[in-house]
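All remarks here apply to the structure that follows.
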Amino acid sequence: PRLRGRDRARHSVVSRDRRVRILGAVAVILAALLVLSPLPGAWLISEAPLERPDAILSLASHERERFPAVAMQAKRWPAANVLLTVPSEVNRFNCDACPHRRDWLQALGVSAERIVVLEPPSVNTHGELQLAAAWLRQQRLTRLLVVTSPYHTRRARVLARSAAAGVDVGVVASPALGGVPRLWWTRRYGRWYVTYEYAALLVAWRRYGTPPMV
């Protein structure tokens with residue numbers, strides 16, 4: 001039998017609410033599948049190799065992870081200087097090897113005269129890139145290769161747009177200790193780093209006007 005006016009309206013509201021609940025459940029499931037997939041971690045890894053750099057910048061922190069890759073790039077490009085930055089507040093999380101970095105790099109085959117420690121201390125990646133770009137301009141050089149951790153490569157490329165204008169910037173990833181997990185959330189390293197990088201990309205977008213696309 002046909003539904004009368006009030007009944008039809010009630011039936012329409014119930015049907016609409018049911019569709020909204022179903023669509024909401026589907027959206028939650030799809031979002032969970034996306035977050036738990038390899039995509040969030042893989043999207044952050046965005047390298048841009050650069051041939052014949054004038055300088056190689058090792059971003060501060062994670063030296064155990066980055067220095068072997070820095071030394072490898074320095075061996076590949078023997079004419080390039082190796083640039084190091086100093087965090088504004090040195091601690092065991094952001095530069096636990098600060099007092100020994102020169103010796104460490106020399107032990108890995110980088111000659112002392114190639115190593116340049118940039119001043120003043122920098123507060124973040126944007127500041128490190130600014131210092132490196134300023135040093136290159138002072139030397140009348142234009143090509144900078146940044147070595148950083150895999151999940152940090154996208155943000156380094158994004159920040160270079162505003163921090164190193166006029167400089168050709170390449171970014172390469174150092175091997176992660178223990179390797180990059182296929183599913184980022186299965187290891188503490190991935191859970192911490194991926195979550196941090198997404199938050200930092202949003203902060204960079206708001207602060208420097210640099211959207212996270214590269």
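Taking T210 as the residue in question, decide whether it is part of a helix (DSSP H, G or I) and either open to solvent by less than 50 Å² (accessible area, probe 1.4 Å) or polar (S, T, N, Q) (or both).
No: the conditions fail for T210.
Among V110, V117, V90, V70, which is the only one that is hydrophobic (A, V, I, L, M, F, W, C) and more than 24 Å from A176 (Cβ to Cβ)?
Exactly one residue qualifies, and that residue is V117.
Determine, yes or no, whether L23 is open to solvent by 20 Å² or more (accessible area, probe 1.4 Å) and either at pLDDT 75 or above or farther than 17 Å from A173 by Cβ (or both).
yes
Does segment 115-132 contain at least one residue that is at positive phi and part of a loop (DSSP other than H, G, I, E, B)?
Looking through segment 115-132, none of the residues is at positive phi and part of a loop (DSSP other than H, G, I, E, B).
Name the residues in segment 136-162 that are assigned to a helix (DSSP H, G or I) and farther than 21 Å from Y208 by Cα, would you?
L136, R137, Q138, P150
What number of residues within segment 39-57 are buried (at least 21 other Cβ atoms within 10 Å of the Cβ), within 13 Å of the chain's Cα centre (by Cα) and under 14 Å from V171 (Cα atoms)?
Adding up the residues that qualify gives 1.
On the given criteria, is W184 surrounded by 21 or more Cβ atoms within 10 Å (Cβ to Cβ) and at pLDDT below 95?
yes
Across segment 76-88, which residue is nearest to D168 (Cα to Cα) among those that are touching a residue at least 12 places away in the same chain (Cβ under 8 Å) and outside any strand (DSSP E or B)?
Here the residue is A80.
Of the conditions (1) under 14 Å from I45 (Cβ atoms); (2) of a type in the set (A, V, I, L, M); (3) open to solvent by 50 Å² or more (accessible area, probe 1.4 Å); (4) in a helix (DSSP H, G or I), V203 satisfies every one except a single condition; which number is it?
V203 satisfies every listed condition except (1).
Mind listing whichever residues of segment 62-89 are open to solvent by 20 Å² or more (accessible area, probe 1.4 Å) and either of a type in the set (D, E) or modelled with pLDDT under 95 (or both)?
Selection gives H62, R64, V86, S88, E89.
Taking interchain pairs and intrachain pairs at least six residues apart, which have beta carbon atoms under 9 angstrom, with the first residue in segment 58-75 and closer than 16 Å to V169 by Cβ and touching a residue at least 60 places away in the same chain (Cβ under 8 Å) and the second of a type in the set (S, T, Y) and open to solvent by less than 10 Å² (accessible area, probe 1.4 Å)?
Matching pairs, first to second residue: S58/T85; S58/T148; S58/S174; L59/T85; L59/T148; L59/S149; V70/S58; V70/S174.
Could you please find all residues in segment 169-178 being part of a loop (DSSP other than H, G, I, E, B) and open to solvent by 30 Å² or more (accessible area, probe 1.4 Å)?
Hits for segment 169-178 are P175, L177, G178.
A quick yes/no check of all residues on (1) open to solvent by 10 Å² or more (accessible area, probe 1.4 Å); (2) touching a residue at least 40 places away in the same chain (Cβ under 8 Å):
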site	(1), (2)
L105	no, no
L108	yes, yes
E113	yes, no
L129	no, yes
A133	no, no
L136	no, yes
R140	yes, no
L144	no, yes
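The values are calculated or read from the model by the stated rules, or taken from the named source; none is laboratory data. All values reported here derive from a predicted model rather than from experimental measurement. When we count neighbours, we look across all protein chains shown, and the Cβ atoms used for this are built from the backbone with ideal geometry, even at glycine. Keep in mind that these areas ignore ligands, DNA and RNA; they rest on the heavy atoms of the full protein, side chains included. Shrake-Rupley method; radii C 1.70, N 1.55, O 1.52, S 1.80 Å.
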